[in-house]
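Dropping the structure in here first, questions after.
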Amino acid sequence: MPAKKIDKQDIFPKGSGKTYGLLELVDGESRIASKEPEDTVFCFPHLLTPIMMCTLVTTIVLVLVSLFFNAPLEEIANPVRPPNPAKAPWYFLGLQEMVSYDAFVGGVLFPVLFVLGLMAIPYLDRNPLGVGVWFSKTRPIAIKLFTIFVIINLVLIIIGTFLRGPNWAIYWPWEDQGGGH
Amino acid sequence: MENKNKFDLRETLSYFAFEVPVKLYRSIIRHGYPDSEKNKSLLIFTNFFLHILPVKVRKHTVKVRYSYCMGGITLLLFIILTITGGLLMFYYVPSTEKAYQNMKDLEFAVSFGVFLRNMHRWGAHGMVATVFLHMCRVFYTGAYKPPREFNWVIGVILLVSTLFLSFTGYLLPWDQLAFWAITVGATIASYAPMGDLQRFVLLGGNTVDQGALIRFYVAHVFLLPLVTTLLIGVHLWRVRKDGGMSGPPL
Ligand code: HEM
């Protein structure tokens with residue numbers, strides 16, 4: 001039997017209403033394509049609606065906060081009149097707090113270890129369980145360790161923001177702490 | 001027959017009144033009303049701004065109680081900050097002689113100047129908070145596990161660049177708060193190995209002065225936004241390539 005002559009038309013049919021097509025073959029288990037269609041919903045409107053709501057609420061909250069609270073502006077910078085204490089922005093106060101114990105360890109070593117440690121988490125944690133669930137019971141140690149990390153950060157920031165006064169000494173919030181933050 | 005090339009007023013008017021608007025609309029929006037599956041798909045992938053989204057997602061993805069939209073809110077705040085920051089640039093000159101006066105002008109002379117500055121300031125604080133909360137969400141839902149390991153690493157870099165964006169912006173008002181916060185920060189940098197050199201590079205001098213102001217300004221309005229924008233692009237692209245937002249195994 002003579003081989004059927006393949007026409008260009010058979011591969012690229014005319015008038016299919018398609019302008020282009022793109023296919024890619026990859027190894028591995030399919031994540032969405034082969035699953036039951038019941039598990040998926042259209043982004044419009046099921047995802048776009050929450051996104052729009054989120055956008056609206058966030059914008060409204062930010063506008064309201066900006067209408068009622070003014071950003072701080074102190075006197076013009078004066079290099080010969082340092083406030084006591086001089087404080088970094090709040091998210092760096094944990095850092096400043098650590099520096100007050102030891103300049104190198106608190107100011108350089110720990111922050112570098114924090115950042116590298118965070119980056120390493122996915123490669124150190126070999127437990128594959130608990131994806132897609134909040135506080136999965138299958139990974140108690142990881143959750144405890146990370147929670148300790150978060151709490152240490154928050155506690156240091158709170159101490160730095162509310163409990164430090166002149167000469168970086170401990171002051172209670174109701175005492176005069178001098179300076180500003 | 002003879003009418004064919006003749007100017008027909010009624011026909012012309014009705015063309016401009018009824019056909020042009022439709023043609024204009026069709027040339028921008030290339031799909032019909034999204035009530036069919038085809039049009040719902042076209043709506044997403046024929047739109048430049050939406051085509052980062054898939055046409056369909058797992059039901060799990062649309063549950064607000066899973067991600068609390070924290071990544072999305074961080075992105076939104078970054079966009080708001082870019083817009084308000086761009087407007088602030090019209091009024092701000094990065095000079096130790098002018099900067100503080102510019103802040104006062106924003107307060108007293110520029111229409112909505114205070115509001116603009118407030119949006120930028122509180123938005124920045126908000127972004128630091130939401131990026132941290134987003135990281136916590138990703139951790140507690142185990143969303144950094146394979147195949148999303150490297151997106152977490154990119155995330156950590158984004159966290160650091162967000163902090164630096166905020167820190168460099170802090171100096172710009174050139175008030176006491178700004179000046180001494182940056183002096184403290186730069187002192188911390190000097191504790192590192194070769195610290196004095198590092199501090200010099202950071203400040204463009206030995207003290208916080210004009211050299212530091214212009215460096216922080218350029219970093220704040222150009223270098224860091226550029227890096228952050230690029231990384232956010234890669235970050236979101238990878239969310240798609242890693243199979244969409246994480247969820248429990250099917
Ligand atoms: C400028 C900062 C950032 C922006 C704009 C951003 C944006 C986003 C967005 C929009 C998503 C989609 C899901 C969601 O909204 O939760 C996402 C997912 C993700 N982000 Fe971020 N992110 C940022 C920083 C971070 C940080 C600091 C980390 C971690 C250290 C991180 C790790 C991840 C991971 C692993 C995913 C995938 C999560 C999943 O599939 O469930 N991102 N990010």
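The values are calculated or read from the model by the stated rules, or taken from the named source; none is laboratory data. Worth saying up front: this structure is predicted, and the values here are computed from it rather than measured. As a convention, Cβ positions derive from the backbone with ideal geometry for all residues, glycine included, and neighbour counts pool all protein chains shown.
Scanning for something over 19 Å from A:Leu93 (Cα atoms), of a type in the set (D, E, K, R) and within 8 Å of chain A (Cβ to nearest Cβ), does region B:118-138 turn up at least one residue? Outline the logic, then answer.
Residues of region B:118-138 over 19 Å from A:Leu93 (Cα atoms): B:118-120, B:123, B:134-138.
Cutting the leftovers down to of a type in the set (D, E, K, R) gives us B:137.
Imposing the further condition that a residue be within 8 Å of chain A (Cβ to nearest Cβ) reduces the set to none.
Within region B:118-138, none of the residues are over 19 Å from A:Leu93 (Cα atoms), of a type in the set (D, E, K, R) and within 8 Å of chain A (Cβ to nearest Cβ).
Answer yes or no as to whether B:Ser36 is more than 10 Å from chain A (Cβ to nearest Cβ), under 30 Å from A:Asp39 (Cβ atoms) and either without any contact (Cβ under 8 Å) to a residue 24 or more places away in the chain or of a type in the set (Lys, Arg) (or both).
Details: more than 10 Å from chain A (Cβ to nearest Cβ): yes; under 30 Å from A:Asp39 (Cβ atoms): yes; either without any contact (Cβ under 8 Å) to a residue 24 or more places away in the chain or of a type in the set (Lys, Arg) (or both): yes.
Yes: the conditions hold for B:Ser36.
Out of everything in region B:208-250 that is outside the structural domain of B:Tyr170 (by TED's automatic domain parsing) and more than 13 Å from the ligand (Cβ to nearest atom), what residue ends up being nearest to B:Met127 (Cα to Cα)?
If we take residues in region B:208-250 being outside the structural domain of B:Tyr170 (by TED's automatic domain parsing) and more than 13 Å from the ligand (Cβ to nearest atom), then B:Pro249 is nearest to B:Met127 (Cα to Cα).
One residue is enough: does region B:108-122 have a residue meeting the conditions within 29 Å of A:Ile148 (Cα to Cα) and either of a type outside the set (Asp, Glu) or within 16 Å of the ligand (Cβ to nearest atom) (or both)? Walk me through it before giving the result.
So in region B:108-122, the residues within 29 Å of A:Ile148 (Cα to Cα) come out as B:122.
Then keep just the ones that are either of a type outside the set (Asp, Glu) or within 16 Å of the ligand (Cβ to nearest atom) (or both); that gives B:122.
For region B:108-122, residues within 29 Å of A:Ile148 (Cα to Cα) and either of a type outside the set (Asp, Glu) or within 16 Å of the ligand (Cβ to nearest atom) (or both): present.
Conditions tested, residue by residue: (1) out of contact with any Leu (no Cβ under 7 Å at 6 or more places or on another chain); (2) closer than 20 Å to B:Asp242 by Cβ.
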position: B:His51; (1), (2): yes, yes
position: B:Ser67; (1), (2): yes, yes
position: B:Met70; (1), (2): no, yes
position: B:Thr74; (1), (2): yes, yes
position: B:Phe78; (1), (2): yes, no
position: B:Thr82; (1), (2): yes, no
position: B:Leu88; (1), (2): no, no
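So, one more: Across region B:170-186, which residue is farthest from B:Phe90 (Cα to Cα) among those that are more than 8 Å from chain A (Cβ to nearest Cβ) and free of Cβ contacts under 8 Å to residues at least 60 places away in the same chain? Quick ask: steps written out before the conclusion?
Keep residues of region B:170-186 that are more than 8 Å from chain A (Cβ to nearest Cβ), which gives B:171-172, B:182, B:186.
Next, from what is left, pick out any that are free of Cβ contacts under 8 Å to residues at least 60 places away in the same chain: B:171, B:182, B:186.
On the way: B:Leu171: 18, B:Ile182: 24, B:Ala186: 28 Å.
Filtering region B:170-186 for residues that are more than 8 Å from chain A (Cβ to nearest Cβ) and free of Cβ contacts under 8 Å to residues at least 60 places away in the same chain, the one farthest from B:Phe90 (Cα to Cα) comes out as B:Ala186.
Separate question: When region A:91-113 is examined, which residues are found to be more than 8 Å from every other protein chain (Cβ to nearest Cβ) and in contact (Cβ under 8 Å) with a residue 24 or more places away in the chain? Even if it seems obvious, please write down each step before you answer.
As a first pass, look at region A:91-113 and keep what is more than 8 Å from every other protein chain (Cβ to nearest Cβ): A:93-94, A:97-98, A:100-102, A:105-106, A:109-113.
Correct list: A:Leu93, A:Gly94, A:Glu97, A:Met98, A:Ser100.
Output yes when any residue across region B:96-107 is among the basic types (Lys, Arg), surrounded by fewer than 18 Cβ atoms within 10 Å (Cβ to Cβ) and more than 7 Å from every other protein chain (Cβ to nearest Cβ), and no when none is.
Step one: of region B:96-107, the residues among the basic types (Lys, Arg) are B:98, B:104.
Now narrow it down to the ones that are surrounded by fewer than 18 Cβ atoms within 10 Å (Cβ to Cβ): B:98, B:104.
Next, only the ones that are more than 7 Å from every other protein chain (Cβ to nearest Cβ) stay: B:98, B:104.
Yes, region B:96-107 has at least one match.
Take B:Leu50 and tell me if it is free of Cβ contacts under 8 Å to residues at least 40 places away in the same chain, away from the ligand (no atom under 16 Å from the Cβ) and either on the phi < 0 side of the Ramachandran plot or not basic (Lys, Arg) (or both).
Details: free of Cβ contacts under 8 Å to residues at least 40 places away in the same chain: yes; away from the ligand (no atom under 16 Å from the Cβ): no; either on the phi < 0 side of the Ramachandran plot or not basic (Lys, Arg) (or both): yes.
Answer is no for this residue.
Another one. Quick test of your reading of the structure: B:Trp152 fulfils all but one of (1) more than 8 Å from the ligand (Cβ to nearest atom); (2) modelled with pLDDT of 95 or more. Name the failing condition by number.
So the condition that B:Trp152 fails would be (1).
If you don't mind, there's one more thing I want to ask. For region B:185-210, which positions are of a type in the set (Val, Ile, Thr) and crowded, with 20+ Cβ neighbours inside 10 Å? Spell out the reasoning first.
The first filter runs over region B:185-210 and keeps only residues of a type in the set (Val, Ile, Thr), leaving B:187-188, B:201, B:207-208.
Within region B:185-210, B:Ile188, B:Val208 meet the criteria.
Filter region B:159-172 for residues that are within 8 Å of the ligand (Cβ to nearest atom) and surrounded by fewer than 22 Cβ atoms within 10 Å (Cβ to Cβ) and give the result. Can you show your working first?
First pass over region B:159-172, keeping only residues within 8 Å of the ligand (Cβ to nearest atom): B:159, B:161-162.
Listed by number, the residues that qualify are B:Leu159, B:Ser161.
How about region A:56-69: which of its residues are surrounded by fewer than 16 Cβ atoms within 10 Å (Cβ to Cβ) and not hydrophobic (A, V, I, L, M, F, W, C)?
Going residue by residue through region A:56-69, those that are surrounded by fewer than 16 Cβ atoms within 10 Å (Cβ to Cβ) are A:56-57, A:59-61, A:63-64, A:67-69.
Within region A:56-69, A:Thr59 is the sole residue that qualifies.
Oh, and also: May I ask you to verify whether B:Ser27 is away from chain A (no Cβ under 13 Å), among the small types (Gly, Ala, Ser), surrounded by fewer than 11 Cβ atoms within 10 Å (Cβ to Cβ) and free of Cβ contacts under 8 Å to residues at least 24 places away in the same chain? It would help to see each step written out before you state the result.
On the way: away from chain A (no Cβ under 13 Å): yes; among the small types (Gly, Ala, Ser): yes; surrounded by fewer than 11 Cβ atoms within 10 Å (Cβ to Cβ): yes; free of Cβ contacts under 8 Å to residues at least 24 places away in the same chain: yes.
So B:Ser27 fits the description; yes.
Working carefully through the options B:Leu50, B:Leu87, B:Leu42, B:Leu76, find the one that is surrounded by 20 or more Cβ atoms within 10 Å (Cβ to Cβ) and either assigned to a helix (DSSP H, G or I) or of a type outside the set (Val, Ile, Thr) (or both).
Exactly one of B:Leu50, B:Leu87, B:Leu42, B:Leu76 is surrounded by 20 or more Cβ atoms within 10 Å (Cβ to Cβ) and either assigned to a helix (DSSP H, G or I) or of a type outside the set (Val, Ile, Thr) (or both), namely B:Leu76.
Now for a different question. Under the condition of being among the polar types (S, T, N, Q) and over 19 Å from B:Ala212 (Cα atoms), which residue from region A:64-90 is nearest to the other protein chains (Cβ to nearest Cβ)? Explain how you work it out, then say what you get.
Filtering region A:64-90 for residues among the polar types (S, T, N, Q) gives A:66, A:70, A:78, A:84.
Adding the requirement that they be over 19 Å from B:Ala212 (Cα atoms) leaves A:66, A:70, A:84.
Working: A:Ser66: 4, A:Asn70: 6, A:Asn84: 10 Å.
If we take residues in region A:64-90 being among the polar types (S, T, N, Q) and over 19 Å from B:Ala212 (Cα atoms), then A:Ser66 is nearest to the other protein chains (Cβ to nearest Cβ).
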